[in-house]
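Trainee: Mind looking over this structure? Questions follow.
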4 protein chains.
Amino acid sequence: MRLFRNDYSEGAAPQILEALARTNHEQCVGYTEGDPHCERARELIRAACGRDDVDVEFCIGGTSANIVGVTGMLRDWEGVICTKDAHINVHETGAIAACGRTVLATQDADGFLSPEAAELMYMNQTMTGRHMTLPKMIYITNATEFGGVWDRTRFDAICDWAHGRELKVYVDGARMAAALTSAGNDLTLQHLAARADAFYLGGTKNGMLFGEAMVIADPELKKSFPYLVKERGGLMAKGRLLGVQFEAAFEQPADGGEALYWRLARGANTCALQLRDGLNALGFESYLPANTNQQFFVVEPAVAERFAAAVGCETFAQLPDGRRVIRFVTSWATKTEDVDEFLAFAATVA
Amino acid sequence: MRLFRNDYSEGAAPQILEALARTNHEQCVGYTEGDPHCERARELIRAACGRDDVDVEFCIGGTSANIVGVTGMLRDWEGVICTKDAHINVHETGAIAACGRTVLATQDADGFLSPEAAELMYMNQTMTGRHMTLPKMIYITNATEFGGVWDRTRFDAICDWAHGRELKVYVDGARMAAALTSAGNDLTLQHLAARADAFYLGGTKNGMLFGEAMVIADPELKKSFPYLVKERGGLMAKGRLLGVQFEAAFEQPADGGEALYWRLARGANTCALQLRDGLNALGFESYLPANTNQQFFVVEPAVAERFAAAVGCETFAQLPDGRRVIRFVTSWATKTEDVDEFLAFAATVA
Amino acid sequence: MRLFRNDYSEGAAPQILEALARTNHEQCVGYTEGDPHCERARELIRAACGRDDVDVEFCIGGTSANIVGVTGMLRDWEGVICTKDAHINVHETGAIAACGRTVLATQDADGFLSPEAAELMYMNQTMTGRHMTLPKMIYITNATEFGGVWDRTRFDAICDWAHGRELKVYVDGARMAAALTSAGNDLTLQHLAARADAFYLGGTKNGMLFGEAMVIADPELKKSFPYLVKERGGLMAKGRLLGVQFEAAFEQPADGGEALYWRLARGANTCALQLRDGLNALGFESYLPANTNQQFFVVEPAVAERFAAAVGCETFAQLPDGRRVIRFVTSWATKTEDVDEFLAFAATVA
Amino acid sequence: MRLFRNDYSEGAAPQILEALARTNHEQCVGYTEGDPHCERARELIRAACGRDDVDVEFCIGGTSANIVGVTGMLRDWEGVICTKDAHINVHETGAIAACGRTVLATQDADGFLSPEAAELMYMNQTMTGRHMTLPKMIYITNATEFGGVWDRTRFDAICDWAHGRELKVYVDGARMAAALTSAGNDLTLQHLAARADAFYLGGTKNGMLFGEAMVIADPELKKSFPYLVKERGGLMAKGRLLGVQFEAAFEQPADGGEALYWRLARGANTCALQLRDGLNALGFESYLPANTNQQFFVVEPAVAERFAAAVGCETFAQLPDGRRVIRFVTSWATKTEDVDEFLAFAATVA
């Protein structure tokens, strides 16, 4: 049975791999510093964002992107507000602290940073002035750690709050494609690009071998990024690999259809909703509403283990009542037949 | 009216100042590296701790001590568990993160780190192995941020938990003298020294101009401390100043009485309990039980402001019901007449 | 005309690319944490090194490898001795300092760290004890920054010196394959693995898309590496990509021939010597003896510019007499016809 | 015999100690945050500098001052150019690297950073753009590590160079008083304050118990300093101690004479020249011209050891010919009789 463990279990979407093979023998300047593929990818991403004035830079992965994004936008004594489940707070081995900056985690529990919790943190952190880390940035994730999607109203509210307090807005977009193509989404890439100070468009979890594209409006980060990405070990010698992949993902298809980047995510989302609706129909309870390629369910431990053994789904949390929150993830490589096969199995578990 | 703002409002206890003046013209080797006063102070502190095998080193202040203590006991990717109100988590401008280590704050709200909360943090932080900061140390404070005192049972329980998980125990002793001389205290310096991997005996808040003495049992910190204290800017050229002060504080008086270090703290505590009992008698509600030189009360905002204007007491927290937690602090310099005068004033506020 | 700018101008050797395509649809666990390709690559590399007791870990690039290797082997106040031209001293944007460690650069000018210069640095750096960065590691590069190769005698001498002073030996092997397959080389991988505390086998500059394999004997780095590589942003989600490439490079061919890793480097070296001998025959002067895929020549500025325009060779240094040191680099992708074509052009410049 | 080991062997000048005793019982707000002594000291120092628009902040010692000064003026990937003997390069245990910034040391050997060497470093460090640490600041010391004094022409030349390249100028003034009161000095505090972006006026080595006063014109450092000094552990709780000492040092005497700060340094310099001239007359060779309280001589090893045993002078360097460079230091506490006594002894060594 096909695994639903995560969206980086496979290699790359065939079109991406084909682009890498096609350009393999070209001789390019290194380090993303002006080769035609990086330049073309930058142009395509700027166009997709509807802004000419942003810098587009490339990272090898999400943690590397977050390190450069956060440390490039903060001075040594400044901090970034995020939710307690934020990737930078939990899953990156203290990478932000390793760069000397402080993560300020709120008690928001649903994956969305709320203006109320952010304001509370801000008030607490500025109570005694320079004796405390100064909040200067917020970190949010779209889709969230729990597969949720920021709608425009919610996104505008947190941007309004942050900018009103002179904090910068950074969006971790490891699964941005899944979010922006999800059912009911009303947040456009253009709107996001108009309001965020920086964000990245994830490639690793959307059909590339690796790679994230950082879109930078913030003047400080524009200046910092080129140096920081090298200093922090995140600059790839064969930078063209990033350009080639993002070029392939964002190039307009000849048939006038949607760019590959969005099509891959739509495919993953479709399978995810098929899985969700199927499991719901079988009586399995969703943990939080989610329209993207991560689906969370609340199950008994024994069920969690059977699913884990069968399709590699992971336990995300232990609830006070003993039940577990488990996660299923689909990807560009998931087929509806894979979901069908799993649901047939799930029916035997229900 | 004398202020009750904090215990570092004045200079030094007269006996300390006198010792500095008396030794002023001696020519000593610098940097605490073997001058007779530092050596004598080390000897006295080792004796007070009942251990010959600990290193005794000196710091210029609490944040500097915590920086060296925590970073010297942790590798880059390791973290320190403490309560959310811990000084290193709130009041040191991200100093631990600035050294690349991560603070892991529990939800304990009374100033005491509980084994339960520590265990929960430990379990969460080790769930996905190297993707998370590894807890390797606990940080506790005696007296706590809220003036509480660790009794022996509670202290042993957290030490047992920590050592059982192979975490080191570090005690911030900015107000250790106040704790160990407080009414009802059953924790001895010897017991503390027998179980903690490192701790410091605070001087700044107990009648010295400045200075903290770090007692180090941990082999790693023994090796790290001398280099780190210099590298982090905390090594004093005229190191003898630290030696002279701690020597004066710990030297046994000719009259067979208690060493100055303890006498100064007892004086501050006595005034603090006089103030507490007086305010309680006037109907003011204590926030948490506290027998040391910090006393917290829950009052209406208007009352908080009158007290602040009169004796400089600070607001520590805003309660959900709108009332405030305010803090009064006594020191070696406080006299019972000062408390009497304040209580007379407080009677007009009540 | 084919460029001789560097050895990361192209994508990957066809056999590497083919292996990536072949395994693309497999579902693997992430992060190099136990997928069959990483495990097999580890096994092959251990066998090639002749040691069962080393850890083999993977990095995304050389700077990332150096960051993890150096910071994992040093405490905060310790330093690494290297030559002034060392990559970590010059070309990595202060990456070692960014991790809080100090680079201690000697005046050695030929790319080889000498025991004499290292000893001088050691003596100077330990003159006033903890007031100075403590040297605890040496960093050398094989092949050197100038294309030189460490022979066994020279390598043993610096290892003897370092271990005699209790410094660890780290070898940057970005171009290790070129060194170990070069004409006249007498240093075996087994000998190197027996003496170095850690080193890496470069993939990026030897026909892979990216990737370096770190071989770790040092117990501290064994413990540090897994956490540090994640904390510093160098852990790849699709870790299998590293495994697949190194597996393809080190798997023994069915025909009993040499593994791909060595064959690719031999090809690059052959073209480099063809180019060197050809240029020497035309009267161009080599800067330093070099048998690997980097060849340096001393030329007049006008000549440097003509060569740069034609084949992208870079200026490495400006000599006091106004002449320039320029570098030609061959790779797995260079063909003898490419060199022929260039030499024909060079004849018109001579 | 009185030692000539260094200028921090004794406590404080009597006038300083007296001021501390006089103000000891005042209750002051902590952390240099507005107590009357810090405020008055700031006012006096601004007046001495002839600038109303600079910030004046206090540090506990030289390394702490340099940490805050350098890291506050540089972004993570930027570096500071200094001479190879600079204190930050040699004697501070890698403190700058510990804060993530890079020290770029020139080959200047006389303690003065030359525009030529600085330009060479700048050119080398900007050759490959973001692959290298970007120089953004120079660090110079007045008096230099070898007791030399920057004259106005030389100072203007390095400032012109630095500002022309958009580098900031930082002056370590651990012995600024000795420099500005030395025979032949033509650099005024006002001129220095007009051109440097930041510098500090040393107290530790000029008769205070401890303390340095940082004068800040640079807008970035004005913003950074308050947070960094706390984050790096350099903020003193009883901040008034710094204010009291600098107030006493800079307050205009009632008799219209020179402020104590300058008088103390003049005394030390006078004794130093007496010692220098006396030793020269006895045939001992000065190492470099020096008019300040540090005097260096080139002697045979046996002589070095006799002097060391007698008056604690330290060996600073070993010359290629086997002779040693030794250092004598005078302070505010040195009396001419002390020098007489030593010279009588030296006559027996000569």
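The values are calculated or read from the model by the stated rules, or taken from the named source; none is laboratory data. Computed from a predicted structure; not experimentally measured. Cβ atoms come from the backbone with ideal geometry, glycine included; neighbour counts cover every protein chain shown. The protein model used for the area step is the full one, side chains on, heavy atoms only, and it has no ligands, DNA or RNA in it. Shrake-Rupley method; radii C 1.70, N 1.55, O 1.52, S 1.80 Å.
Trainee: How large a share of the accessible area of chain A, in percent, is made up of carbon and sulfur atoms when the probe is 1.4 Å and the other protein chains stay in place?
Mentor: Accessible surface attributable to carbon and sulfur in chain A totals 52 percent.
Trainee: Give the A-D buried accessible area in Å², both sides summed, 1.4 Å probe, nearest 100. Each step should come with its number before you reach the end.
Mentor: Numbers: alone 14700 and 14680 Å², together 27120 Å².
Chains A and D together bury approximately 2300 Å².
Trainee: Also, I was wondering about something else. Provide a whole-number value for the mean count of partner chain Cβ atoms within 10 Å of the Cβ atoms in peptide C:129-138.
Mentor: Values: counts 6, 11, 13, 8, 10, 3, 0, 0, 0, 0.
Taking all residues of C:129-138 together, the mean is 5.
Trainee: Next up: Within 9 Å, Cβ to Cβ, of C:His37, how many net charges do the neighbouring residues add up to if Lys/Arg are +1 and Asp/Glu are -1? Each step should come with its number before you reach the end.
Mentor: Numbers: positive: C:Arg40, C:Arg240; negative: C:Glu26, C:Asp35, C:Glu39, C:Glu247.
Every neighbour counted, the sum reads -2.
Trainee: Compute the Cα gyration tensor for region C:26-66, then decide on rounded, prolate or oblate, letting a ≥ b ≥ c be the square roots of its eigenvalues: rounded whenever a/c is under 1.5, prolate when a/b is larger than b/c in the other cases, and oblate in all that remain. Please report the intermediate quantities before stating the final value.
Mentor: Working: a/c = 2.46, a/b = 1.11, b/c = 2.21.
In terms of gyration-tensor shape, oblate.
Trainee: Here is a follow-up. Excluding same-chain residues fewer than 8 positions from B:Lys223, which lysines have a Cα within less than 24 Å of its Cα?
Mentor: Reachable lysines: B:Lys136, B:Lys168, B:Lys238, C:Lys136, C:Lys168, C:Lys222, C:Lys223.
Trainee: Extension gain D:Arg51-D:Ala259, at 0.36 nm per residue separation less the Cα-Cα distance, in nm?
Mentor: Net length gain for the segment: 73.1 nm.
Trainee: If you don't mind, there's one more thing I want to ask. Work out the mean other chain Cβ neighbour count within 10 Å for the residues of A:26-33 and drop it here as an integer.
Mentor: Working: counts 3, 13, 6, 6, 6, 5, 0, 3.
For peptide A:26-33, the averaged partner shielding equals 5.
Trainee: What percentages make up the Cα-Cα pair-distance distribution of chain A when the bins are 20 Å wide from 0?
Mentor: Bin by bin from 0 Å, the calculated values are 31, 57, 12, 0.
Trainee: So which aspartates and glutamates can A:Lys230 reach, going by Cα to Cα under 16 Å and dropping same-chain residues fewer than 8 places off?
Mentor: The reachable aspartates and glutamates, counting only those whose Cα sits under 16 Å from A:Lys230, are A:Glu33, A:Glu57, A:Glu212, C:Glu92, C:Glu231, D:Asp76, D:Glu78.
Trainee: At 7 angstrom along the Cα-to-beta-carbon line, where would the label on B:Glu116 sit relative to the other copies? Give the distances in nm, shortest first.
Mentor: Between copies, matching label points for B:Glu116 lie 2.6, 7.0, 7.4 nm apart.
Trainee: Of A:His91, A:His163, A:His25, which is the most mobile in a GNM of chain A whose springs link Cα atoms less than 10 angstrom apart?
Mentor: A:His25
Trainee: A further question follows. Less than 14 Å Cβ to Cβ from B:Glu166, Lys/Arg counted +1 and Asp/Glu -1: what total charge do the surrounding residues give?
Mentor: Numbers: positive: B:Arg75, B:Lys136, B:Arg165, B:Lys168, C:Lys223; negative: B:Glu78, B:Glu119, B:Asp160, B:Asp197, B:Asp218, B:Glu220.
Summing Lys and Arg as +1 and Asp and Glu as -1 gives -1.
Trainee: Another question, if that's okay. Using only helices, what value at 222 nm comes out for chain A when you add -39,500 (n - 2.57) per DSSP H run of length 4 or more and divide by the total residues, to the nearest 500 deg cm²/dmol?
Mentor: Details: 14 runs with 150 residues, N = 350.
The per-residue figure over chain A is -13000 deg cm²/dmol.
Trainee: What is the protein assembly as shown by shape, rounded, prolate or oblate, if you read a ≥ b ≥ c off the alpha carbon gyration tensor as root eigenvalues and call it rounded for a/c under 1.5, prolate for a/b larger than b/c, and oblate otherwise? Mind showing how you got there, number by number?
Mentor: Numbers: a/c = 1.96, a/b = 1.22, b/c = 1.61.
Oblate is the answer for the protein assembly as shown, as a/c is 1.5 or above yet b/c matches or exceeds a/b.
Trainee: Taking a point 7 angstrom from the Cα of B:Arg22 along the C-beta vector, which residues in region B:238-279 have backbone N less than 13 Å away?
Mentor: Hits in region B:238-279 for B:Arg22 at 13 Å: B:244-255, B:260.
Trainee: Counting only DSSP beta bridges with both residues in the protein assembly as shown, tell me the antiparallel percent, nearest 5.
Mentor: 60
Trainee: Roll a 1.4 Å probe over the protein heavy atoms and report the accessible area of C:Met236 in Å², nearest 10.
Mentor: For C:Met236, the solvent-accessible surface is approximately 10 Å².
Trainee: Using Cα-only point scatterers and the Debye equation, what is log10 of I(q)/I(0) for region B:1-138 at each q in 0.11 Å⁻¹, rounded to two decimals?
Mentor: With no solvent term, the Cα-only Debye profile gives -0.62.
Trainee: By its C-alpha gyration tensor, with a ≥ b ≥ c as the square roots of the eigenvalues, how is region D:80-137 shaped: rounded for a/c under 1.5, else prolate for a/b larger than b/c, else oblate? Don't skip to the answer; put the middle values down first.
Mentor: Values: a/c = 2.83, a/b = 1.11, b/c = 2.56.
The shape class here is oblate.
Trainee: What are the extents of the Cα atoms of region B:90-249 along their three principal axes, in Å, largest first?
Mentor: Taking max minus min along each principal axis of the Cα atoms, region B:90-249 gives 49, 40, 28 Å.
Trainee: Here's another thing I want to ask about it. Any chance you could check the Cα centroid distance between region A:222-276 and region D:290-329 for me, in angstrom?
Mentor: Each part's Cα centre sits 65 Å from the other's.
Trainee: Need the C-alpha centroid separation for region B:24-52 versus region C:41-87, integer Å.
Mentor: So the two Cα centres are separated by 42 Å.
Trainee: Something else about it: With a 1.4 Å probe and all protein chains in place, put D:Leu260, A:Leu319 in order of accessible area, largest first.
Mentor: Values: D:Leu260 5, A:Leu319 40 Å².
These residues rank, largest area first, as A:Leu319, D:Leu260.
Trainee: Under a point spin-label approximation (7 Å from Cα along Cα-to-Cβ), what is the D:Ala309-D:Glu43 distance to one decimal in nm?
Mentor: Each label point is offset 7 Å from its Cα along the Cβ direction, giving 5.6 nm.
Trainee: With heavy atoms of protein chains only and a 1.4 Å probe, what residues of region A:69-102 have at least 20 Å² less accessible area in the full set of chains than alone?
Mentor: At a threshold of 20 Å² (probe 1.4 Å), the residues of region A:69-102 that become less exposed are A:Arg75, A:Asp76, A:Trp77, A:Val90, A:His91, A:Thr93, A:Gly94, A:Ala97, A:Ala98, A:Gly100, A:Arg101, A:Thr102.
Trainee: Okay, next question. Please give the per residue accessible area of the protein assembly as shown, computed with a probe of 1.4 Å over protein heavy atoms only, in Å². Walk me through the intermediate numbers first.
Mentor: Values: 44350 Å² over 1400 residues.
Using a 1.4 Å probe on heavy atoms only, each residue of the protein assembly as shown averages 32 Å².
Trainee: Could you pull the copy-to-copy label distances for C:Leu319, with points set 7 Å along Cα to Cβ, in nm to one decimal and sorted shortest first?
Mentor: 3.4, 7.7, 8.3
Trainee: Can I ask one more? Nearest the rotation axis from A to B, which residue of chain A has its beta carbon, and at what whole-angstrom distance?
Mentor: Closest to the rotation axis on chain A: A:Ala97, 2.
Trainee: In what order, largest first, do A:Tyr31, C:Tyr170, D:Tyr287 sit by accessible area if the probe radius is 1.4 Å? Mind showing how you got there, number by number?
Mentor: Numbers: A:Tyr31 35, C:Tyr170 0, D:Tyr287 75 Å².
In descending accessible area the options line up as D:Tyr287, A:Tyr31, C:Tyr170.
Trainee: Between D:Gln318 and D:Asp186, what length comes free when the chain is fully extended (0.36 nm per residue of separation minus the Cα-Cα distance, one decimal in nm)?
Mentor: Details: separation 132, 0.36 × 132 = 47.52 nm, distance 3.23 nm.
Gain on extension, D:Gln318 to D:Asp186, equals 44.3 nm.
Trainee: State the antiparallel share, in %, of DSSP beta bridges confined to chain B, rounding to the nearest 5.
Mentor: 60
Trainee: Same structure, new question: What residue among A:Ala217, A:Ala157, A:Ala254 shows peak mean-square fluctuation when chain A is described by a Gaussian network model with Cα springs under 10 Å?
Mentor: In the Gaussian network model the winner is A:Ala254.
Trainee: Nearest-5 percent of antiparallel DSSP beta bridges in region D:107-241?
Mentor: Numbers: 5 of 12 bridges.
So the antiparallel bridges in region D:107-241 amount to around 40 percent.
Trainee: In addition: Quick one: how many Å² of D:Lys222 are accessible to a 1.4 Å probe, rounded to 10?
Mentor: Counting only protein heavy atoms, D:Lys222 exposes about 60 Å² to solvent.
Trainee: Further question on the same structure: Please list B:Ser224, D:Ser114 in order of solvent-accessible area, largest first, computed with a 1.4 Å probe with all protein chains present. Write out the running numbers ahead of the final one.
Mentor: Details: B:Ser224 0, D:Ser114 25 Å².
If we order B:Ser224, D:Ser114 from most to least accessible, we get D:Ser114, B:Ser224.
Trainee: What ratio of Cα Rg to 2.2 N^0.38 Å holds for region D:253-350? Don't skip to the end; give the middle numbers.
Mentor: Working: Rg = 14.6 Å, N = 98, 2.2 N^0.38 = 12.6 Å.
Cα-based Rg divided by the globular estimate yields 1.17.
Trainee: Kindly give the distances from D:Lys222 to its copy-mates, label point to label point, with each label point 7 Å from Cα along Cα→Cβ, as nm values to one decimal ordered shortest first.
Mentor: Here D:Lys222 shows inter-copy label distances of 2.5, 5.0, 5.6 nm.
Trainee: If you don't mind, another one. Nothing charged except the Cβ atoms of Lys and Arg (+1) and of Asp and Glu (-1): what's the magnitude of the dipole of region C:239-336 about its Cα centre? Round to the nearest 20 debye. Let's see the in-between values first.
Mentor: On the way: 9 positive and 10 negative charges, 25 e Å.
Dipole magnitude for region C:239-336 comes out near 120 debye.
Trainee: Still on this model: Only counting protein heavy atoms at a 1.4 Å probe, give the residues of region D:227-253, ordered by number, whose accessible area falls by 20 Å² or more when the other protein chains are present relative to the chain alone.
Mentor: Buried-area filter returns D:Tyr227, D:Leu228, D:Lys230, D:Glu231, D:Arg232, D:Gly233, D:Met236, D:Ala237, D:Lys238, D:Arg240, D:Leu241.
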